[in-house]
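Peer 1: Once you've had a glance at the structure underneath, I'll fire off some questions.
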């Protein structure tokens, strides 16, 4: 199974459902309280995925080395989103959702990004 035991972050949506992310683009999900885990193919490059966040509703964010993806339906479908400036050769180590449609991310060289109506913008460096 891709990713093996090298996972970096996990988030539980309820007592049965949780998501974990790790090396080589590994995304795993359990739907039975952690008894079994399945690999979820997001068609991402084989890069490290360092963080996953959930807003308590339907939105999940996953970020890592040069990539960030979002799901607005509890992980049924995913789409990539861009940070400004882009992180093509950089990393996002942490992401947190707070409030409806608002999020913050931090990464390489002290970068801080906030989401808003105009997308993701770097606010700290």
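Nothing in this text is a laboratory measurement; each read-out follows from the coordinates by a stated rule. Quick caveat: nothing in here was measured; it's all calculated off a predicted structure. FYI the Cβ positions are ideal-geometry reconstructions off the backbone, even for glycines, and counts take in every protein chain you see.
Peer 1: Name all residues of region 45-75 having a backbone nitrogen under 18 Å from the label point set 7 Å from the Cα of residue 6 along its Cα→Cβ direction, giving them as ranges.
Peer 2: Those under the cut-off are 45-52, 63-67.
Peer 1: Additional query: Just grab the label-to-label distance for residue 15 and residue 81, each label 7 Å out from Cα along the Cβ direction, in nm (one decimal).
Peer 2: 3.1 nm
Peer 1: Here's something else I'd like to know. Hey, what does the equivalent ellipsoid look like for region 7-124, semi-axes from the Cα gyration tensor as sqrt of 5 times each eigenvalue, largest first, whole Å?
Peer 2: 23, 16, 11
Peer 1: May I pose another question? What does the extension gain come out to for residue 38 and residue 112, with contour length at 0.36 nm per residue minus their alpha carbon separation?
Peer 2: 23.4 nm
Peer 1: How high is the relative contact order of region 7-124, in percent, with contacts defined as C-alpha pairs under 8 Å that are six or more residues apart?
Peer 2: Numbers: 289 pairs, mean separation 18.6, N = 118.
The value is 16 percent.
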